[in-house]
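Here's the structure we're looking at; comments come further down.
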Amino acid sequence: METHTAVVHYALEPLAVELREIPVPDVGEGEVLLEVGAVSVCGSDVHQAHKTHSWPVNVPVVLGHEFCGTVARIGRGVRGFREGDRVVSETAAEICGECLLCRTGRYNLCPSRKGFGYGIDGAMAQWVRVPARCLHRIPDSLPFDIACLCEPHAVAYQSMCVNSVIHPGDLVVVLGPGPIGLLCARMAALSGADPLIVAGVTADGPRLETARRLGATRTVDLQQEDLDEVVRGYSAIGADLVCDATGASRPLEAALRLTRPDGQVIKVGWSPDAIALDMNPLVQRNLRLQGSFSHNYPVWERVIHLLNRGLTMPEAIVGMRAPLQNWREAFDAMHDRRVIKSVLLPNKQ
Ligand SMILES: [Zn+2]
Ligand SMILES: [Zn+2]
């Protein structure tokens, strides 16, 4: 049997992740086999490895949902793709195709959705099996080690440009300068947010510097400065939009407090912690509290365009490129905030 090397999350315990030799998947009807070109490490991969995640995981499972590659084998009934095509893949590996959400194109919210890397084998491997409906062709001018970043870009686009409305000149605050927070800040900058404030802790220093490169007009070290005061310095009534991209629950309280009456809070980061929260500001100030989860077809087409045009400055967030064998180093570098984003190159010698 043909085998390949994969990063496998094998048990629901902290650090139960290792490299394994496993069988190369067969392709069924409507599926293709991709030779993985690049797969970026997501905060969620690191959370799974440390057992600090908020979603059910089917172990054993191959990690990795931010990936692109070359079509290598084609299953029966696949149309529109040929061997050798360069593609990125969406993450909804399994959907029902029948429910209201699937039928209205919002299959990212299908109750039966299973994603790569936790529900279905992902792409931290030499090969990955993907339903052809997940694929988007990418231009030759877009290298794999950048194209794999489509997924986090799609998360940020969905939260700032689909689930939120930003008008030029809006005061926007982003809490949490991790990869998603930084990309949310970039989407806000592209949408005309000004002022654009990004806040983090002292250990986020280099990330806040990156936030300024990506268009933040002001960054705040929460351990040195009072964010409320900074925001009120720009607008006495508060921010038009606050994006909570921290991987925690507690900052939602600050997000609600910082938002102006009739403004919006968008929550994109999550954690397993349940908190008690005063909901009165939500009612009293007529706020909109919106969650944002995943993304769908039009968002992917849009971010492929943005990435190909260089409009999101993806190089600013990639701090490490490594072979699959160095997956642990790539995870640790993100976990310890030494890099914002690591990219694994499973088939590069
Ligand atoms: Zn991700
Ligand atoms: Zn469905």
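The values are calculated or read from the model by the stated rules, or taken from the named source; none is laboratory data. Only a predicted model underlies this, so the values are computations on that prediction, with no experimental measurement involved. Here the Cβ positions follow ideal geometry from the backbone for every residue, glycine too, while neighbour counts run over all protein chains shown. With ligands, DNA and RNA removed, areas are computed over all heavy atoms of the protein, side chains included. Shrake-Rupley method; radii C 1.70, N 1.55, O 1.52, S 1.80 Å.
Every condition in (1) away from ligand 1 (no atom under 16 Å from the Cβ); (2) in contact (Cβ under 8 Å) with a residue 60 or more places away in the chain; (3) touching a Ser or Thr at 6+ places or on another chain (Cβ under 8 Å); (4) not acidic (Asp, Glu) is met by SER54 except one, and the failing one is (1). Can you find, within segment 64-98, the residue that is nearest to PRO139 (Cα to Cα) among those that are within 16 Å of ligand 1 (Cβ to nearest atom) and outside any strand (DSSP E or B)? Checking each candidate, the answer is GLU90.
For segment 274-288, indicate whether the set of residues that are touching a residue at least 12 places away in the same chain (Cβ under 8 Å) and buried (at least 20 other Cβ atoms within 10 Å of the Cβ) is non-empty. Yes. Every listed requirement among (1) touching a residue at least 40 places away in the same chain (Cβ under 8 Å); (2) over 29 Å from GLU329 (Cα atoms); (3) small (Gly, Ala, Ser); (4) within 16 Å of ligand 2 (Cβ to nearest atom) is met by GLY80 save one, (4). Counted as qualifying within segment 100-217 are the helices (runs of 4 or more DSSP H) with 1 or more residues that are more than 16 Å from the chain's Cα centre (by Cα), namely 100-103, 144-147, 179-190, 205-213. How many residues does segment 89-113 contain that are surrounded by fewer than 19 Cβ atoms within 10 Å (Cβ to Cβ) and either closer than 18 Å to ASP26 by Cα or in contact (Cβ under 8 Å) with a residue 40 or more places away in the chain (or both)? Matching residues across segment 89-113 total 4.
When restricted to residues that are at positive phi and open to solvent by 10 Å² or more (accessible area, probe 1.4 Å), segment 31-88 contains 4. Using the structure shown, decide if VAL32 is in contact (Cβ under 8 Å) with a residue 12 or more places away in the chain, over 22 Å from the mean Cα position of the chain (by Cα), farther than 21 Å from PRO152 by Cα and away from ligand 1 (no atom under 15 Å from the Cβ). Yes: the conditions hold for VAL32.
Scanning segment 99-134 for residues that are touching a strand residue (DSSP E or B) at 6+ places or on another chain (Cβ under 8 Å), small (Gly, Ala, Ser) and away from ligand 1 (no atom under 16 Å from the Cβ) gives SER112, ALA125, ALA132. If the condition is being at pLDDT 95 or above, in contact with a helix residue (DSSP H, G or I) (Cβ under 8 Å, 6 or more places away or on another chain) and either open to solvent by 10 Å² or more (accessible area, probe 1.4 Å) or basic (Lys, Arg) (or both), then segment 247-269 contributes ALA254, ARG257, LYS267, VAL268. Taking the listed residues CYS110, CYS96, CYS102, the one that is within 16 Å of ligand 2 (Cβ to nearest atom) and touching a Pro at 6+ places or on another chain (Cβ under 8 Å) is CYS96, with no other qualifying.
Cβ-Cβ under 7 Å, sequence separation 6+ or interchain: first residue in segment 242-267 and among the acidic types (Asp, Glu), partner open to solvent by 10 Å² or more (accessible area, probe 1.4 Å) and part of a helix (DSSP H, G or I). Which pairs? Final answer for the pair search is ASP244/PRO251; ASP244/LEU252.
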